[in-house]
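K.L.:
Below is the structure I would like to discuss, written out as C-alpha cells.
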Amino acid sequence: MRFLFFCLLLSGAAMFAQTQASLTVDLEHPRGKVSPMLYGLMTEEINYSYEGGLYAQLIRTPEFVPGWDQPAHWFLMPRGTAQLSFQLDKSVYRLDGRKLSLRVDVKQADGTNVAALGNEGYWGIPARPATTYTATIDAKGNGVGAMTASIVSNDTGQSLASANTEAIGAEWRQYKLQLNTGADVPISSSNRFVLSFQHPGTVWLDYVALNPPAFHNRENGTRIDLMEKLAGMKPAFLRFPGGNYLEGDHIAERFDWKKTVGNPADRPGHLSPWGYPSSDGFGLLEFLEWCEDLHMQPVLAVYAGYSLKGEHIDPGPKLKPYVDDAIDEIEYLTGDASTKWGAERVKDGHPEPFPLTYVEIGNEDWFDKSGSYDGRFAQFYKAIKAKYPALRLIATTKVNGMKPDVLDEHYYRHADEMFANASQYDKTDRKGPKIFVGEWATREGTPTPDMNAALGDAAWMTGLERNSDMIIMSCYAPLLVNVNPGGMQWATDLIGYDTLRTYGSPSYYAQVLFSNHIGDEILNGTLQTNNARVFYSSTRDSKSGTVYLKIVNADTNPLDIKIKPERGAATWKSATVWTLKGGSLAQTNSIDKPEQIVPSKSQIDNLGPDAVQHFAPLSINILEIRPDSGR
Ligand code: AHR
C-alpha cells in the first residue's frame, strides 16, 4: 500500500514539477531526549568581533602597543597657529607590563588656536542624541593645563559633546569624564574623538577609552543592538575564547587569560591570529558577564600547548605551567572568595562564582602534526579531573588510549555537502563520546550567508535535532562580522554590523526559528519523498505536549506534503507556521537591505491526515502543533 502511494507520489512529481511527500510522526515512542544545550554560540576575536564590534568601547588602540613605531589610528589636529607633535615614549610609562606611553608635546597653543590629537575609532565614532559617553584617560603632564575631550563631526568640524579635565598633574592619574550629546544631535558615525590643549607643555597618555551606554548598563560592557540580536537566538551556552584566537599564531600570542582580567587600563593587549591587535578590554570576565547577561552557560576552552604556526609544548614538566594556568582559570570562574583566583574575581567586581560544566582542552588539535595531543590531553584531563571531578572535558580530536567525555567536531561545508550529510549522525554508534559540533556553517555568501546557505544550515540542523540525544551542543561559526571595508577576515558570518547598524543573515533567522521551537523529546518520524532536498525533524515539549515539525524544502519546486501522527490518539487539525523563504538561492540580507528574508507567521487549519500542505520552494518551515489542535 505504502509502495503504491509512493509510486503515485513519483508520478505526481513528474507531472506537476512539484515534490510530493508524506511525513508521519510517531507520538508514542520518542527516540530520546533533546539536549537542553543543543543550540549555543561560538565566539572569538575575528572580523572585529569585539574590537569595533560587540565590545562597546569606541577608541581604536586605546593603549599604545609595544613594537609599533607609530601610534596607530591617532593623528594630529593643530588648529590655526597651534603646533604639536607626538611620539611613542619608552622611557616614561605607567605600567611595567607595557613600558610605553604616548608623549604629546604642545609647542604652541592658546584658546583660539588649540592643539589637538584625534582618534578615528573603528570606522568612525558613533554619536546618538541625548547620550552620555564616558571617557577614561590615564595621563600625566607638565605645564599643559587642562585637557578637553570631545566627539567631533568629521563633516562639519563641530563638537557634538565635550568635557574638560582639571589641569593635568605631574603624577599618573586616571581622569574620568562624561561627554553628553544634546537632544538635537543627529545619529551619525562620521566622527572622531579629540583630545585638545590650550597651553604649551607636555602630556603623556597611557590609556584612552570611550564607553557609550552598554547592555545592562555595564561599565565596560557590550553593544546593545548586537546583544539583542544574540538574545533572539536563545543560546544555551557560549564557547569561548576560540577558535584560533585561543591558540594564537605563537605561544606568546595565545589567549593568556591572566593578562585579560583586572582594570582594562592595565591589560597589555596582544596580537590576534586574525591580523589585528586585541586591547583585551574584552577579557575573561567580560566573556563571563556576556554569558550571565544572556543566561548562557560558559563552555570554557583552555589553552592546551599548541599554537597555529606549529609550536607546541611536549607533555611532561614543560607543560605543567600551562596545566596549572588552566586550573587557576577554572578557579577564577568557580572558586569562592577563600580561593586565590576566586578572590581575584571578587576583587574584579563579581562576587558570585559562575556555573561551569564543560571545559574544552585546546582547539582543532588535529592540526598538531607532532602527535603530542594524546599526551597533552591526558595531562590536562588528569589534573583537571583530580581537582574538579564533576567537570566534563571536551577533546578537540580523537584521543588514543582514552575516551573523552565529549568530542568536538567542526564542519565548514557548501550547501550541497550539507544536504548530502544532513543524516550523517542518524546511524552513528551511541557507544562513543557525546558530540559537540563546536563549529559549523554552510559557506555560501559573503560577508554573511545567503538563502542557499540558510537552507544548508536548516537541513543540517534537522540532523542535529534528530540526533540530539548524542549531539549535546552545537554552535555556528564565525558569529560576527564588521562589514566595513577591511573588517572581514573570514567570509560567511552569521550576523553583520557596521558602526551604527546590525542585521541578521537568513542563516541567523533559520537558527532563531530552530532554537525557539524545540521542546525536549525527539520524535521518530518517517519522511517519504523522492526528493533529496527535503528534510525534517520532529520534536515535542513533554510538559505541554506541543509538537514541533521542521520541514525544509531546499528545492526550487514547491512541496506538497501530507502530515499526520502515526500512532497515539491525537489527530491534528491546526498548526501555527513560521516560514523563512527566499526568492532565489543567492538572495540575502545586507546592512542596507536587512530584511529581504525574515520569518513570517501563518496558520494551517486543515491538518487532517489526507489534507495536502503546500510549502514554497526554497523554504524553511516550522509547524507548532498544540495538543488541543485536534479537538
Ligand atoms: O571559525 C573560524 C576558524 O575556523 C576558527 O578560529 C578555527 O577554530 C577554525 O579553523
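K.L.:
Would you work out the charge dipole size for region 219-403 about its Cα centre, treating the Cβ of every Lys and Arg as +1 and the Cβ of every Asp and Glu as -1, and quote it to the nearest 20 debye?
P.N.:
In total the dipole reaches around 680 debye.
K.L.:
Quick one: pull the percentage of alpha-carbon pairs in region 27-79 with a separation above 19 Å. Each step should come with its number before you reach the end.
P.N.:
On the way: 840 of 1378 pairs.
Every Cα pair in region 27-79 considered, those over 19 Å come to 61 percent.
K.L.:
Show that you can apply the helix-only estimate: for the chain, add -39,500 (n - 2.57) for every DSSP H stretch of four or more residues, divide by all residues, and state [θ] at 222 nm to the nearest 500. Intermediate values should be presented prior to the final figure.
P.N.:
Working: 10 runs with 108 residues, N = 631.
Taken over the chain, the calculation gives -5000 deg cm²/dmol.
K.L.:
Using only the alpha-carbon atoms of the chain, report the extent along each of the three principal axes, biggest first, to the nearest angstrom.
P.N.:
Cα extents, longest axis first: 95, 61, 40 Å.
K.L.:
Moving to a separate point now. Quick check on region 579-623: what does the Kirkwood estimate of hydrodynamic radius come out to from the alpha carbon pairs, in Å?
P.N.:
Radius from the Kirkwood sum: 12.4 Å.
K.L.:
Let me ask something else. Would you compute, for the Cα atoms of region 175-314, the largest minus smallest coordinate along each principal axis and list the three values in descending order, in whole Å?
P.N.:
Result for region 175-314: principal-axis Cα extents of 58, 43, 26 Å.
K.L.:
If I fit a long axis through the Cα atoms of helix 284-293 and take the longest principal axis of the Cα atoms of the chain, what angle between them do I get, 0 to 90°, rounded to 10?
P.N.:
50 degrees
K.L.:
Taking Cα atoms of region 74-211, Rg/Rh with Kirkwood Rh, to two decimals?
P.N.:
Rg divided by Rh gives 0.96.
K.L.:
For region 478-631, divide the Cα radius of gyration by the Kirkwood radius and give the resulting Rg/Rh value with two decimals. If you can, show how the numbers build up before the last one.
P.N.:
Numbers: Rg = 17.7 Å, Rh = 17.0 Å.
Rg/Rh for region 478-631 comes to 1.04.
K.L.:
While we're looking at this one, here's another question. Using the structure shown, select from LYS562/LYS601; LYS398/LYS427; LYS385/LYS434; LYS259/LYS369; LYS229/LYS573 the pairs with a Cα to Cα distance greater than 22 angstrom.
P.N.:
Over 22 Å Cα-Cα: LYS259/LYS369; LYS229/LYS573.
K.L.:
Between THR446 and SER542, what length in nm is gained on full extension when 0.36 nm per residue of separation is reduced by their alpha carbon distance?
P.N.:
30.6 nm
K.L.:
I would also like to ask the following. Given Cβ point charges of +1 (Lys, Arg) and -1 (Asp, Glu) and nothing else, what value in debye, to the nearest 20, does the dipole of the chain about its Cα centre take?
P.N.:
Numbers: 60 positive and 74 negative charges, 168 e Å.
For the chain, the charge dipole is close to 800 debye.
K.L.:
What does DSSP give for the chain in terms of the percent of beta bridges that are antiparallel, rounded to the nearest 5?
P.N.:
70 percent
K.L.:
Let me understand region 96-143 better: what is its radius of gyration from the alpha carbons, and its Dmax, in angstrom?
P.N.:
14.9, 40
K.L.:
Continuing with this model, one more query. Report the far tail of the P(r) of region 505-550, meaning the percent of Cα-Cα pairs longer than 12 Å.
P.N.:
Within region 505-550, distances greater than 12 Å cover 66 percent of Cα pairs.
K.L.:
Taking the Kirkwood radius as the inverse of the mean 1/r across Cα pairs, report the Rg/Rh of region 219-403.
P.N.:
We get a ratio of 0.95 for region 219-403.
K.L.:
With no solvent and one point on each alpha carbon, what is the Debye value of log10 I(q)/I(0) for region 434-520 at q = 0.20 Å⁻¹?
P.N.:
These q points yield log10 I(q)/I(0) values of -0.90.
K.L.:
Can you work out the Karplus-derived ³J(HN,Hα) for every residue in region 238-252? Use 6.51 cos²θ - 1.76 cosθ + 1.60 with θ = phi - 60°, whole Hz, and x for glycine or proline.
P.N.:
Those phi angles translate into 10, 8, 8, x, x, x, 4, 4, 5, 7, x, 5, 10, 4, 5 Hz.
K.L.:
Shifting gears a bit: Just report the Cα centroid separation between region 123-193 and region 604-631, whole Å.
P.N.:
Comparing the Cα centres of region 123-193 and region 604-631, I get a distance of 57 Å.
The numbers here are math on the coordinates, done by the rules we state, and not lab data. All values reported here derive from a predicted model rather than from experimental measurement. We place every Cβ from the backbone using ideal geometry, glycine too, and count neighbours over all the protein chains shown.
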